[in-house]
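Here the structure comes first, spelled out in structure tokens, and everything after it is commentary.
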Amino acid sequence: MTTPTPAEHLCEQAKASRDQGRLNEAIAFFEQAIATDERCLPAWEGRAYTAFQAKDYPRAIECFRKVSMLDVRRAPPMTNLGAVYNRIGDYQNATKALRQAISRDRKSAEAYYNLGIAHKGLHQLSLAVSAYKEAVKFNPAMHDAHQNLANVYFEMGNVALAKQHYDKALEIRPDFEPARRGLRRIEEAAVVQKEKYSPFGRLVDTKELEKRDYSVGNYRKLTLQEKNQDREDNHRMSRDAITAAEAIRENLHENILPRIQTLVGLVGDNQDRQSLARNADVFVQVKHQLDEQLDALLRVTDELRRHEEFIRKG
């Protein structure tokens, strides 16, 4: 039996203090162990966990990063680093750390689970679905992964798959209240949707209809100067709308459609997940550009509506 090193002895004292709820004392022992031996892996690991418990996230990040440098083969250090980044809302760095974790262990359910959280935080719902599906594939009993996957499906409007995974979470853990709340939310949404149903075969939101103004008359008489200005304003706004629409069409043809074809090809060729992830990230960025262009077009149409209101009422 080998004799513990001074740093390892300090780690044992730290763990005993932590187990007895004396967190500050445990932190002091771990820090002393690190000062004694800067390459003592248990000291850095213990300090990282105590920093996380104490909500000292910058120190937790520093320590988990050091652990990942001392332990370059295992996935948990990078997974834990990604989890801390998720906790503080730094989803970009979380994604980077978790992909490194997956490169170390391609069957790490915990890494995929945390990656799902990061993608959800970045509003990359399709990528979040992919990550959570990998998590439950490698650990079918991970009830909270089923729960999170159900939440994303619900947000995407896929109620059937959302219900399937809420049910699965409850099958694994019958007392899991978040999944019960998810099922109640599905039921409530179904009631609301039913209330909007019209017997004439289409969905009608009566509150939205009440907000609309379909009147076409009562335009005030314009002066010659106002008519000329109106003509110029309409010409400018129409030109802006055409420009915005052409930008959207160009983005669809030049960026989005080719990226979709690339992703389909990669899936068909069974390419590695990192290639898929990189291309998916680019696709998400391109979609973000499209969203911005659509916003620009909507701003023009809003301006047209405001201009029409001004012409009508002055």
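The values are calculated or read from the model by the stated rules, or taken from the named source; none is laboratory data. Bear in mind that the values here come from a model prediction, so they are computed numbers and not experimental data. Glycine gets a Cβ as well: all are built from the backbone with ideal geometry, and neighbour counts include every protein chain shown.
Condition test on Asp90, is it under 23 Å from the mean Cα position of the chain (by Cα) and among the acidic types (Asp, Glu)?
When the stated conditions are applied, Asp90 passes them.
Are there any helices (runs of 4 or more DSSP H) wholly within the range 49-144 with 1 or more residues that are more than 30 Å from Lys15 (Cα to Cα), and if so which?
Because the criterion is at least 1 residues that are more than 30 Å from Lys15 (Cα to Cα), the helices (runs of 4 or more DSSP H) in the range 49-144 that meet it are 91-104, 109-121, 125-138.
Mind checking whether some residue in the range 184-205 is surrounded by fewer than 21 Cβ atoms within 10 Å (Cβ to Cβ), at pLDDT below 90 and touching a Ser or Thr at 6+ places or on another chain (Cβ under 7 Å)?
Yes: the range 184-205 contains one or more residues that are surrounded by fewer than 21 Cβ atoms within 10 Å (Cβ to Cβ), at pLDDT below 90 and touching a Ser or Thr at 6+ places or on another chain (Cβ under 7 Å).
List the pairs whose first member sits in the range 21-42 and is under 24 Å from Pro76 (Cβ atoms), whose second member is outside any helix (DSSP H, G or I) and of a type in the set (Ser, Thr, Tyr), and whose Cβ atoms are under 7 Å apart, counting only residues at least 6 apart or on separate chains?
Asp37/Thr5
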